[in-house]
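Take a look at the structure below.
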Amino acid sequence: MPNREDALKLLKEYNGDALVTHGLAVEGAMRHFAKKDGEDEEKWGITGLLHDLDYEKFPDEHCHKTKEILEPLGYSDEIIRAIMSHAYGICTDVEPISKMEKTLYAVDELTGLITACALVRPSKSVMDLELKSVKKKFKQKSFAAGADREVMRKGADMLGISLDELISETILSLRAIAPSLGL
């Protein structure tokens, strides 16, 4: 299986800075939850890093094009299926079943919301961002309107945790990699 360096190079080949940064954020969240759950951090991280690989160049074929790109490069069916499942009900019918799939589904939109919350703070940092601030912005539908709150709720439910826990843990995951995100 290709390593993280290969995955990051591939992500940069297909995407500009914004989606690369989003990939890094989702990677960080996935690694955090993998470690917390005693899972394979490398596999979960690469899955998070590459989850939107095709989005910038092939938005109408999102996830499906990623499968075409990753299969010949030796990425596992497990990683490809997880990537397909993160857009369940949006542009794929691949339901998240494994813990890795459910986690990716849960944190993808949430990392975007948390990043937006951090960027409107005076510090422009996730380091002083608290749960209550994210929850306040969560309720404002016009704030980071592209971040689907229903997906975040469903993701927490899939994982069997509260939305508060999902948000808190995801904030912690982004703090751990804040410099690489510019936060």
Original post:
So how strong a dipole does segment 58-138 carry about its Cα centre when Lys and Arg Cβ are +1 and Asp and Glu Cβ are -1, to the nearest 20 debye?
Top reply: 680
Original post:
Of VAL151, VAL107, how do they rank once you tally other Cβ atoms within 10 Å and put the fewest first?
Top reply: VAL151, VAL107
Original post:
With point charges of +1 on the Cβ of Lys and Arg and -1 on the Cβ of Asp and Glu, referenced to the Cα centre of the chain, which listed residue (SER76, LEU181, LEU159) lies farthest in the positive direction of the dipole?
Top reply: LEU181
Original post:
If packing is taken as the mean number of other Cβ atoms within 10 Å per residue, what is the order of 76-83, 111-118, 130-137, highest first?
Top reply: 111-118, 76-83, 130-137
Original post:
What whole-number value in cubic angstrom gives the convex hull volume per residue for the C-alpha atoms of segment 22-111?
Top reply: 84
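Starting with the fewest neighbours, write out SER142, SER173, SER168 ranked by other beta-carbon atoms found within 10 Å of each beta-carbon. Don't jump to the answer; show the numbers that get you there.
Values: SER142 6, SER173 26, SER168 15.
In order of increasing Cβ crowding within 10 Å: SER142, SER168, SER173.
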Subject >> Pairs from LYS12/LYS99; LYS99/LYS137; LYS36/LYS137; LYS43/LYS139; LYS43/LYS102 whose Cα-Cα separation, in the structure shown, is over 24 Å >> reply: LYS12/LYS99; LYS99/LYS137; LYS36/LYS137; LYS43/LYS139
Subject >> Value at 222 nm in deg cm²/dmol, rounded to 500, when DSSP H runs of n ≥ 4 in the chain each add -39,500 (n - 2.57) >> reply: -19500 deg cm²/dmol
Original post:
Rounded to the nearest 20 Debye, what is the dipole magnitude of the chain about its Cα centre when Lys and Arg each give +1 and Asp and Glu each give -1 at the C-beta?
Top reply: 980
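Quick check: convex hull over the Cα atoms of the chain, volume per residue in Å³, rounded to an integer?
Values: hull volume 19.5 nm³, N = 183.
Taking only Cα atoms, the chain has a hull volume of 107 Å³ per residue.
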**OP:** List, in order, the whole-Hz ³J(HN,Hα) value for each residue of segment 141-149 obtained from phi through the Karplus relation with A = 6.51, B = -1.76, C = 1.60 and θ = phi - 60°; use x for Gly and Pro.
**Re:** 4, 6, 7, 6, 4, x, 7, 6, 5
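Coordinate-derived values only; no laboratory data. Keep in mind it's a predicted model, so treat the numbers as computed, not measured. For neighbour counting, all protein chains shown are included, and Cβ atoms are generated from backbone atoms with ideal geometry for every residue, glycine included.
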